[in-house]
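Everything on this sheet refers to the single structure shown next.
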Amino acid sequence: MSHSKVPKNSPLSDAPTLPTVALAVESVTVDYPGVRALDAVSIAFNRGEIHAIVGENGAGKSTLMKVLSGLVRPGGGTIRLDGVARIFARPLDAIRAGIAMVHQELNLVGALNVAENVMLGREPLTLAGLMIDRTAQRARAQHWLHMLGAELDIERACSDLSIADAQFVEIAKCLASNAQVLIFDEPTAVLGERDTKRLLALLQRLRDEGRVVIFISHHLDEVIAVADRVSVLRDGALMRTFTRSAQGVLVSEDGTRADEGTLAHAMVGRELGSMYPVKGVSNATIPAIEVTEFGAVGRSHGVSFAVRAGEIVGCAGLVGCGRTETAEAIIGLRQSSGSVRVAGLRVRLRSPRDAMKRGVAYVSEDRKGRGLHVTLSSITNMTLPSLSAYTRFGGRIDVRAEQSVATRWIDALSIRCAQPHAPISSLSGGNQQKFALARWLQTQPKVLIIDEPTRGVDVGAKAEIYRIIAQLASEGLAVILISSELPELIGLAHRVLVMHAGTMVGEVTREQLEQRGAEERIVRLASGLTAEFGETKEILA
């Protein structure tokens, strides 16, 4: 069902009769070294529609969006805007044509504040035109953030923002361009449930204004809820398109109704079976890691827990509850209080290198900012944490040894990497995530803290990562799994610890995870309420 009718208050309402199709790609092809990223893809994007693009990592979604936003020039095919063939040689060409994109990887200037980032390139000037009108800049930035329902300090440096808040700044920057074609690449990946609902409502509002909204998401429930049209890519080719019918359901040309299972099968071309492996049992008696009255100074406090070898312990909580900060403090990235024991011995981990030497590894939630060096090759990224192991006399790097280890982990984690010596930024998000995991696994840790392991990862790659995590635990690795995905925590973890307002407020046992109402129990604890249903008493810190 198309929402192509333009409201009277829309900036498009005074325009002459316009074609339904605002943007189209016709037989667009893109080749990278050793791989065809897009294979003669043709898709039409209509005004007043949310058009979702889904597919596995590496299917070509991000490449297609880079073509539309001027970051990649196709080797063949045509882009049409309002029926006219266009060539976007650079992002500025696309922006001037009214196409704006919220990228999966954030592109903010950390040294600038929130207002400066939102209005970057569109700074209002004083009457003389010689200086930036700071008052107007702040007011306009506040306006776009208010549209998102985001309460942020506009004077705060973006380098100090959480990933979720930085995502809102990125979206506000896109809205400030007043573009008529808006591309959202995994916009909800770093958001909690409440913020996700707010953003999806915004997409619907933009659609109702008559704009083209292109929505890329691995969350198929979100796609089914809001998309008017869904196109499925696989291995660089368009497989099928589902359209919202008059009855409000998504159906393909052959009448197949879209649900999560149908979309997943179209994406991967195979049945996934059970997403979650069977949980094993840990027989270890001494904890692999134990923290007591621990906290990240200024962000968390009084956190105590223990994890045994072979155990997967989940950590749940709302955005800003202190999960990530506590993990960073454990490995020495933040100042901490309290004690840490590894294999029964009290240790003080002053840096990630100290942690690595003690057998504790941390995979960051921020893949681009902290997890990987995006300008370096895939091989270098993998071996960098333990580079000394590959350094020979005179400081020479044993390239053959590096290559051997990288190849082994590429095979073990089923990483799609045609050119291991190419920059890791050339890989899809899901394959980058596997490299982020492999670079710490090759250090042979005893304890793995993994933060949001499937953020921005497709359904097929998720199943693979779940299998990897379960296999690692079965081999004796102690895993601390921080995740905002409750089904992920319930499906993988032996038990789940819940944080609220910087402290640990409860634990959901294995038995409770297997019972109905497990998600509600976790949500209540994370919201600062008791876990008992029907009660509304707040937990006092």
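It is to be established whether one or more residues within the range 423-443 are over 23 Å from R467 (Cβ atoms), of a type outside the set (D, E, K, R), touching a Phe, Trp or Tyr at 6+ places or on another chain (Cβ under 8 Å) and surrounded by 15 or more Cβ atoms within 10 Å (Cβ to Cβ). Scanning the range 423-443, I find at least one residue that is over 23 Å from R467 (Cβ atoms), of a type outside the set (D, E, K, R), touching a Phe, Trp or Tyr at 6+ places or on another chain (Cβ under 8 Å) and surrounded by 15 or more Cβ atoms within 10 Å (Cβ to Cβ), so the answer is yes. Could you go through the range 435-453 and let me know if any residue there is assigned to a loop (DSSP other than H, G, I, E, B) and of a type in the set (S, T, Y). The answer is yes; a qualifying residue exists.
Return yes when T326 is surrounded by 13 or more Cβ atoms within 10 Å (Cβ to Cβ), at pLDDT 85 or above and closer than 30 Å to D31 by Cβ and no when it is not. In short, no.
Taken together, L130, L64, L125, L145 contain a single residue that is in the same structural domain as R244 (by TED's automatic domain parsing) and either among the aliphatic types (A, V, I, L, M) or over 30 Å from M239 (Cα atoms) (or both), which is L64. Scanning the range 294-323 for residues that are among the small types (G, A, S) and surrounded by fewer than 22 Cβ atoms within 10 Å (Cβ to Cβ) yields G298, G302, S304, A306, A309, G310, G320. Looking at (1) closer than 28 Å to S159 by Cβ; (2) at pLDDT 90 or above; (3) touching a helix residue (DSSP H, G or I) at 6+ places or on another chain (Cβ under 7 Å), which is the only condition R122 fails? Condition (2) is where R122 drops out. Taken over the range 381-415, the criterion of being without any contact (Cβ under 8 Å) to a residue 24 or more places away in the chain and either touching a Pro at 6+ places or on another chain (Cβ under 9 Å) or of a type in the set (S, T, Y) (or both) is satisfied by S388, Y390, T391, S404, T407.
Could you tell me how many of the residues in the range 9-34 are modelled with pLDDT of 50 or more and either farther than 15 Å from G76 by Cα or not in a strand (DSSP E or B) (or both)? Walk me through it before giving the result.
Residues of the range 9-34 modelled with pLDDT of 50 or more: 20-34.
Subsequent filtering for residues that are either farther than 15 Å from G76 by Cα or not in a strand (DSSP E or B) (or both) retains 20-23, 33-34.
Going through the range 9-34 one residue at a time, the tally reaches 6.
Criterion first (in contact with a Lys or Arg (Cβ under 9 Å, 6 or more places away or on another chain), surrounded by fewer than 24 Cβ atoms within 10 Å (Cβ to Cβ), over 21 Å from W440 (Cβ atoms) and charged (D, E, K, R)) does R346 satisfy it? No, not satisfied. Going by what's in this entry, would F242 be described as in contact with a strand residue (DSSP E or B) (Cβ under 8 Å, 6 or more places away or on another chain), assigned by TED's automatic domain parsing to the domain that holds I216, of a type in the set (F, W, Y) and surrounded by 15 or more Cβ atoms within 10 Å (Cβ to Cβ)? In short, yes.
Filter the range 350-408 down to the residues that are in a helix (DSSP H, G or I), of a type in the set (A, V, I, L, M) and within 27 Å of the chain's Cα centre (by Cα), then identify the one that is surrounded by the fewest Cβ atoms within 10 Å (Cβ to Cβ).
L384
Could you tell me whether any residue of the range 472-482 is out of contact with any Pro (no Cβ under 8 Å at 6 or more places or on another chain), in a loop (DSSP other than H, G, I, E, B), modelled with pLDDT of 90 or more and under 17 Å from V313 (Cβ atoms)? Yes, some residue in the range 472-482 is out of contact with any Pro (no Cβ under 8 Å at 6 or more places or on another chain), in a loop (DSSP other than H, G, I, E, B), modelled with pLDDT of 90 or more and under 17 Å from V313 (Cβ atoms).
Among strands (runs of 3 or more DSSP E) entirely within the range 221-320, having at least 2 residues that are within 24 Å of I482 (Cβ to Cβ) singles out 287-296, 303-308, 312-316.
The values are calculated or read from the model by the stated rules, or taken from the named source; none is laboratory data. Predicted, not measured: the structure shown is a model, and the values here were computed from it. Methodologically, a virtual Cβ is constructed for each residue, glycine included, from the backbone with ideal geometry; neighbour enumeration extends over all protein chains shown.
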